1. Round to a whole angstrom and tell me the spacing of the C-alpha centers of the range 243-264 and the range 281-312.
2. Read through the labelled values (i) 1.13; (ii) 1.04; (iii) 1.00 and report the label of the one computed as Rg/Rh (Cα atoms, Kirkwood Rh) from the structure.
3. Based on alpha-carbon centroids, what's the gap between the range 170-205 and the range 10-68 in Å, whole number please?
4. Return the single residue from Val198, Val188, Val128 with maximal mean-square fluctuation; model: Gaussian network over the chain, springs between Cα atoms under 10 Å.
5. Could you work out how far apart the two model spin labels at Asp306 and Arg157 are, taking each label as a point 7 Å from the Cα in the direction of the beta carbon, and quote it in nm?
6. Taking neighbour Cβ counts within 10 Å as the exposure measure, how do Tyr89, Tyr236, Tyr30, Tyr293 sort from fewest upward?
7. DSSP beta bridges in the chain, what fraction antiparallel, as a percent rounded to 5?
8. Once the mean 1/r over all distinct Cα pairs of the range 55-213 is inverted, what Kirkwood radius in angstroms do you read off?
Amino acid sequence: MFDLLFLGTSAATPSAYRGLSAHMISHRQYRFLLDCGEGTQRQILRSGVGFRRLDKVLLTHNHLDHIMGLGGLVSTLARWEVMEQFDIYGSKATLDRVSDLVFGVALRGNKTAASVQLHEIHPGTIIVEDSKFKLTAFPVKHRGPGCFGFMFEEKARRPFLDEKAEALNVPFGPERAKLVQGETVTLVDGRTIGPDDVLGEEIKGTKYVHIGDLAQTRGLEEICEGADALVVEATYLHEEAALAKSYGHLTATQGARFAKEVGVETLILTHISRRHTGRQIGQEARSIFKNTYVARDFDRFEISKDGVERFRDEGKR
């Protein structure tokens with residue numbers, strides 16, 4: 001399961017009700033901040049989730065409404081003695097601008113408790129991978145070079161069937177652990193037991209795809225196909241399609257049509273222009289793809305194979 005918290009859902013400039021792009025993603029021991037618009041540090045505080053274990057930032061591209069909050073956030077976190085390293089991931093174009101902001105302005109050569117590390121990503125870069133989870137970057141088209149989306153995937157697993165293990169007299173302990181890991185074991189009585197003897201059919205893990213600003217969906221079909229949740233922008237309405245194209249953005253209609261085309265389970269729209277309400281964006285999108293949410297600041301979503309559940313929280317005052 002992935003826990004997604006929207007900290008900022010406005011496009012280009014903040015409004016009285018929406019901050020600039022920022023999202024907190026939690027999965028097991030991992031916490032990621034995806035984009036860091038102006039005011040993100042305060043949004044984190046208002047949300048009540050705090051900064052604990054927040055040591056990785058994923059950046060979709062280098063536009064200021066997606067990175068401007070990094071200066072203040074890094075200035076705070078890099079001085080915490082409980083944090084050894086703070087990692088920022090982005091394209092070369094993004095990191096060039098982040099380097100100026102973080103090292104040239106926020107820190108300016110000051111010694112910090114935490115080491116701030118910049119990591120350049122490329123198409124297909126695996127940012128994190130363990131036995132159960134993989135986070136991958138993929139290229140998208142917006143305006144300018146080095147724009148990326150991110151795919152969060154739980155790895156497929158085969159459930160351990162206790163009843164079969166019991167029938168075969170497989171003892172509790174390392175033998176069962178090795179079978180779960182796909183290894184064949186030899187029991188004390190000389191019998192050989194393989195994974196197929198005690199494991200069920202493969203169950204696919206949860207797949208969640210997060211895209212920031214986007215000019216076109218072409219080429220993203222395979223990446224997004226069958227996702228349990230797709231987060232993408234909806235800056236404009238269909239009547240403004242020409243304007244959206246000129247600025248490298250999507251309309252609510254385009255996002256909804258794409259979600260329907262690639263068979264995602266749930267669509268979550270964000271990056272809403274100040275000229276529109278969430279209701280307007282939602283009505284247009286849901287006329288095409290019913291299972292659509294329009295995110296608001298401090299909305300939290302639990303994403304799993306069982307579905308997507310939304311929780312509303314106005315943020316702590």
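1. Centre-to-centre distance over Cα atoms comes out at 16 Å.
2. (ii)
3. So the separation of the two Cα centres works out to 43 Å.
4. Val188
5. 1.4 nm
6. Sorted ascending by nearby Cβ count, the order is Tyr30, Tyr293, Tyr89, Tyr236.
7. Once the DSSP bridges in the chain are tallied, antiparallel ones form about 60 percent.
8. So the Kirkwood estimate lands at 19.0 Å.
Read-outs: derived from the displayed coordinates by stated rules, not from any lab. Predicted model, so just to flag it, every value in this text is computed and none were measured. With ideal geometry, Cβ positions are generated from the backbone for all residues, glycine too; neighbour counts draw on all protein chains shown.
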